[in-house]
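Trainee: Dumping the structure here so I can ask a few things about it.
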Amino acid sequence: MYNFHNGSEIAPNSNKKMPIALSALAAGDPAEVFEDYDLVDLNELITGGREGFMAYRVTGDSMLEYIKPGYIVFADTYCAPSHGDVIVSRINGKNCVKIFEQTCNGLYLVSANKSYEPIKIRKSDDFYILGVVRGHLAVYRK
C-alpha cells in the first residue's frame, strides 16, 4: 500500500562532543549552579547510536504548536509508522511532516494546525514514508 525509503547510506560517525552542564537549568526560580560539566555526543543522544536517521529543516505552519518553522526534525528511516505517529513523507514529489492516520477509510496525512485539511493518500499518488519523527530541535536565529 505504501513504500518505505531505506536510508541505509546514513551512518552516524560523530567524533565531536559538546560540553553539557550537569546541574539543572531552572526555568522558574533560579537554582544553585555547580561547575560540573560532562561531554555529550549529540549524535548518540539523538539516535541512540543507531543508523538510519535523517534530519530535516521544517518550513510552514501546518504542525503548529508542536513543530514550528525553523525547527529541525529527526526521522528514523528504519521504523514503520503506527497510527498517530508524526512522519516525514514524500507525496507526488513533495516532502512534508504530518501526523500519520490509518483508518478503515484509508491513509491520511493530518496537520496539527486545524486550518489545513487532511490529505487522503490515493492509490494513484506517488507516496513514500521517509521516516518516523523521533524528536526535534528548536533552532533560534536572529
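Trainee: Filter K16/K68; K16/K94; K94/K114 down to the pairs with a C-alpha to C-alpha distance above 31 Å, please. Spell out each step's value before the answer.
Mentor: Working: K16/K68 28 Å; K16/K94 33 Å; K94/K114 21 Å.
Distance filter (> 31 Å) returns K16/K94.
Trainee: Right, another one. Among all the aspartates and glutamates, which ones have a C-alpha under 17 Å from K123's C-alpha, if same-chain residues fewer than 8 places away are not counted?
Mentor: E101
Trainee: Separate question: Would you mind telling me the antiparallel percentage of the DSSP bridges in the chain, rounded to 5? Spell out each step's value before the answer.
Mentor: On the way: 32 of 34 bridges.
Here the antiparallel bridges make up roughly 95 percent for the chain.
Trainee: In the Gaussian network model of the chain, springs joining C-alpha atoms below 10 Å, which of G48, G60, G28 carries the largest mean-square fluctuation?
Mentor: Between G48, G60, G28, it is G28 that shows the largest mean-square fluctuation.
Trainee: The range 60-109: Rg/Rh from Cα coordinates, Kirkwood Rh? Display every interim value, and only then the final one.
Mentor: Values: Rg = 11.5 Å, Rh = 12.0 Å.
Dividing the radius of gyration by the Kirkwood radius yields 0.96.
Trainee: A follow-up question, please. Please work out the Cα convex hull volume for the chain and give it in Å³ per residue. Write down the numbers at each step before the final one.
Mentor: Values: hull volume 22.6 nm³, N = 142.
With only Cα atoms used, the chain gives 159 Å³ per residue.
Trainee: What list do you get for M54, M18 if you sort them by fewest beta carbons within 10 Å?
Mentor: Values: M54 15, M18 11.
Fewest-to-most ranking of M54, M18: M18, M54.
Read-outs throughout are calculated quantities, based only on the coordinates presented, and are distinct from any laboratory measurement. Bear in mind the structure is a predicted one, so any value in this text is a computation, not a measurement. A quick note on method: Cβ atoms are made from the backbone with ideal geometry, for glycine too, and the neighbour counts reach across all protein chains shown.
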